[in-house]
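Student: Next up is a structure, given as structure tokens.
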Amino acid sequence: MLGANVFIPEAEDVKDKFTGIAIESRVWNTGSPSIISKWSLKILPSGSQPVLAQFTKMPDQLSIKGQFNNRELTAAMSLEDKTSSKKVTSDPVQGTLLFYVPLEQKTVIAPTTSWELSANDVFGHKTSTKKIMGDWLSR
């Protein structure tokens with residue numbers, strides 16, 4: 001995980017129920033080249049049960065408006081598209097993954113909250129990386 005935008009969705013039906021997360025990430029394979037068949041993200045608030053975020057296919061265009069900056073996402077940025085149709089090799093592939101989680105934004109970005117991003121390949125191998133928000137935000 002290289003960075004992320006955490007945002008409140010603008011759609012009326014979800015803005016009070018979900019927090020959006022657009023994660024910029026890079027992936028490569030140290031073993032045999034393979035296709036990634038599934039991405040998942042768990043949000044682990046301190047002292048609470050983990051919450052599985054809902055992976056969402058990147059739309060053609062999505063405008064994210066935040067407190068500090070705005071960002072335009074496009075389907076061409078999708079890490080899922082880049083890794084589900086072409087084998088991942090030792091050459092890094094970078095892109096953005098989009099998730100929505102039924103938690104308040106303040107919980108998602110709390111310094112004691114952890115995020116665990118996982119990728120499963122077509123052979124059933126799972127690789128995960130975990131970040132603690134407090135460590136990540138203080139870089």
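All of the numbers you see were taken from the coordinates with simple rules; none came from a lab. Here the structure is a predicted model, which means the values were calculated and not measured. Cβ sites come from the backbone with ideal geometry, for glycine too, and all protein chains shown count toward neighbours.
Student: When a footprinting reagent is the concern and you count Cβ atoms within 10 Å, what order do 6, 122 take, fewest first? Each step should come with its number before you reach the end.
Tutor: Values: 6 19, 122 12.
Lowest count first: 122, 6.
Student: Going by how many other Cβ atoms sit within 10 Å of their own, how do 90, 46 line up, fewest first? Display every interim value, and only then the final one.
Tutor: On the way: 90 9, 46 13.
In increasing order of surrounding Cβ atoms, one gets 90, 46.
Student: Another one. Going by how many other Cβ atoms sit within 10 Å of their own, how do 1, 133 line up, fewest first?
Tutor: Ascending Cβ contact count within 10 Å gives the list 1, 133.
Student: Further question: Is there a pair in 15/126; 17/86; 42/65; 15/87; 42/87 whose C-alpha atoms are over 27 Å apart, and which pairs would that be?
Tutor: Violating the 27 Å limit, Cα to Cα: 15/126; 17/86; 15/87.
Student: How much mean residue ellipticity at 222 nm does the chain get from its helices, if each DSSP H run of length 4 or more adds -39500 (n - 2.57) and you divide by all residues, to the nearest 500 deg cm²/dmol?
Tutor: Computed mean residue ellipticity for the chain: -2000 deg cm²/dmol.
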